[in-house]
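First comes the structure, then the notes that go with it.
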Amino acid sequence: MSSGAVLLLRLAGPLQSWGDQRALVARRTSAHQPTKSGVVGLVCAAVGHDRDASPARYADLRFGVRVDQPGTLLRDYRVVSDFRGGDILSTTVNAKGVQKSTGNATNESVRYYLQDAVFVAALEGERSLLEDVDAALRSPVYTLSLGRKCCPPSLPLTLGLREGTVESALAAEEWHARPQYRRSLKTGASVALDSSWDSPTGEHILHDQPVSFDPMARRFTTRQVHREHLPVLTGKPDDGNVHDPLALLGW
């Protein structure tokens with residue numbers, strides 16, 4: 001039997017959106033940090049796991065996340081109409097599998113995203129399984145996204161395997177906030193980062209433990225989570241790494 005390990009992921013990109021219990025069709029909210037169901041879904045896409053198969057193999061991994069750069073909230077207001085002048089179709093279907101009509105010529109929706117956020121997620125479990133996941137994330141079967149298909153991740157996505165537990169790996173990992181964000185904060189030798197992880201004695205209950213990703217029977221259950229602020233060394237930001245969008249043009 002192989003020993004245990006921790007796989008660290010760097011979840012960063014222009015946009016992220018992690019649906020939670022409050023997310024509805026017309027008002028799709030985002031949690032303030034990655035959900036376990038979202039990260040397990042990312043892993044399942046990477047390894048080519050069928051959506052109608054049980055995700056238990058990956059959902060049983062112990063999960064944790066650290067907020068390195070919280071980002072800001074973006075509100076996207078949308079109005080949709082049918083160019084033919086008919087009613088908008090509903091997301092629900094009738095007994096024959098035909099989409100129902102909403103009875104409205106236009107449909108309004110609001111979607112929320114996290115902009116410029118950076119998180120470090122941790123998965124703890126059997127080393128051989130995590131080695132397979134690590135390899136899949138570097139060469140995924142399906143397109144990967146940070147919560148929604150319109151939110152591609154930036155690289156590097158995987159930070160590799162570590163020894164220890166979720167909490168020890170999150171505490172020891174370097175701070176992955178961008179230099180511009182680091183310079184905007186007045187920090188000392190360390191910074192306290194909001195962190196959480198699965199714990200049987202956790203004081204918080206989250207409803208994001210995936211049971212089924214089947215589009216016709218999506219189901220989730222609860223998990224207990226412990227939260228605390230972990231002190232992480234800040235290091236020295238690279239003052240020469242100034243954001244210049246025209247640098248590639250030689251200007």
Based solely on its DSSP helices, what 222 nm [θ] is calculated for the chain when runs of n ≥ 4 H residues each add -39,500 (n - 2.57) and the sum is averaged over all residues, nearest 500 deg cm²/dmol? -4500 deg cm²/dmol
Under a 5 Å amide H to amide H cut-off, with H placed in plane at 1.01 Å, what residues pair with F220 once short-range neighbours are removed? V211
Rg in Å to one decimal, and Dmax rounded to a whole Å, for the range 86-217 via C-alpha atoms: 20.6, 63
With every protein chain in place, the chain: carbon and sulfur % of accessible area (1.4 Å): 54 percent
Give me, ordered by chain and number, the residues 5 or more places off R148 or on other chains with an amide H under 5 Å from its own placed amide H. S17
Tell me the Kirkwood hydrodynamic radius of the range 117-164 in angstroms, computed as one over the mean inverse distance between distinct C-alpha pairs. 12.1 Å
Pairwise label distance in nanometres, L233 with H32, each label 7 Å out on the Cα-Cβ vector: 2.9 nm
Can you give me the accessible area per residue for the chain, using a 1.4 Å probe, in Å²? 56 Å²
Have a look at T187, T29, T102 and tell me which one the Gaussian network model of the chain (Cα, springs below 10 Å) gives the largest fluctuation. T102
Here the range 34-39 yields Karplus 3J(HN,Hα) values (6.51, -1.76, 1.60; θ = phi - 60°; whole Hz; Gly and Pro given as x) of x, 8, 5, 4, x, 6
Using only the Cα atoms of the range 171-212, each taken as one equal point scatterer with no solvent, compute I(q) by the Debye sum, divide by I(0), and report log10 of the ratio at q = 0.15 Å⁻¹. -0.62
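Could I get the Rg over Rh figure for the chain? Both from C-alpha atoms, Rh via Kirkwood, rounded to two places.
Details: Rg = 20.1 Å, Rh = 20.0 Å.
Over the Cα atoms of the chain, Rg/Rh equals 1.01.
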Estimated distance in nm for a label pair at V98 and S184, the labels positioned 7 Å out from Cα along Cα-to-Cβ: 5.2 nm
Rounded to whole angstroms and listed largest first, the alpha-carbon spread of the range 142-185 along its three principal axes comes to 31, 31, 15
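The values are calculated or read from the model by the stated rules, or taken from the named source; none is laboratory data. Just so it is clear, the structure is predicted and the values come from calculations on it, not from any experiment. Neighbour counts run over all protein chains shown; Cβ positions are idealised from the backbone, glycine included. The accessibility values were calculated without ligands, DNA or RNA, using every heavy atom of the protein model including side chains. Shrake-Rupley method; radii C 1.70, N 1.55, O 1.52, S 1.80 Å.
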